[in-house]
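What follows is one structure encoded as structure tokens, with my remarks underneath.
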Amino acid sequence: MTIRHLALRQAHDVRAAGGVGEEIFEEAESGTLYIAADDLPPNLDPDRLVGIRAAGRSMEPTIHDEDVLVLNPDATDPREGAVFVIRTDSGLVVKRLRREGDTWTMTSDAPGWEPRPVTGQDRIIGHVVWFGPEGVIVQE
């Protein structure tokens, strides 16, 4: 059986931190990331997807430090329980969104991290549609 790989844009040296944030991927140099087509949800345009790296441990056990995050920048509407990369005043973070009444809150999967409300200055960059080290070939 042959595995078909898709080529996705990868922003080099960009990290979405679990805690304090990192640089913005639109400003970074890009490369190519290859991932098995079957690993991605169907009906997504691979030309629109972007790969970056996670930094930190606040999303463990779900997302680990240095995992690849594949983002769909066309999906920026918050969804209960979904994981997004969000631009905050301190940089990019990867967080799970939770709805509390009329407010969306960024949460971490690891214990000990305080939830933080999504503010008017925060911007959802994209929905994390895939993450992990398995099956990924990164070409620098």
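The values are calculated or read from the model by the stated rules, or taken from the named source; none is laboratory data. Here the structure is a predicted model, which means the values were calculated and not measured. Quick reminder, even Gly has a Cβ in these numbers, built from the backbone with ideal geometry, and neighbours come from all protein chains shown.
Some points to look at:
- Boolean, Val50 is in contact with a Leu (Cβ under 6 Å, 6 or more places away or on another chain), crowded, with 16+ Cβ neighbours inside 10 Å and among the aliphatic types (A, V, I, L, M): yes
- Only one entry of Arg99, Arg57, Arg87 meets the criterion of being basic (Lys, Arg) and part of a loop (DSSP other than H, G, I, E, B), and that entry is Arg57.
- Pick from region 58-72, criterion surrounded by fewer than 17 Cβ atoms within 10 Å (Cβ to Cβ) and out of contact with any Phe, Trp or Tyr (no Cβ under 9 Å at 6 or more places or on another chain), ranking: nearest to Thr105 (Cα to Cα): Glu60
This table checks each residue for (1) modelled with pLDDT of 90 or more; (2) surrounded by 14 or more Cβ atoms within 10 Å (Cβ to Cβ).
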{"site": "Gln10", "(1), (2)": "no, yes"}
{"site": "Tyr34", "(1), (2)": "no, yes"}
{"site": "Gly81", "(1), (2)": "yes, no"}
{"site": "Ser90", "(1), (2)": "no, no"}
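- Close pairs (6 angstrom Cβ cut-off, 6 or more residues apart or separate chains): touching a residue at least 60 places away in the same chain (Cβ under 8 Å) and surrounded by fewer than 17 Cβ atoms within 10 Å (Cβ to Cβ) in region 107-119, in a loop (DSSP other than H, G, I, E, B) and not charged (D, E, K, R) anywhere: Ala110/Ser58
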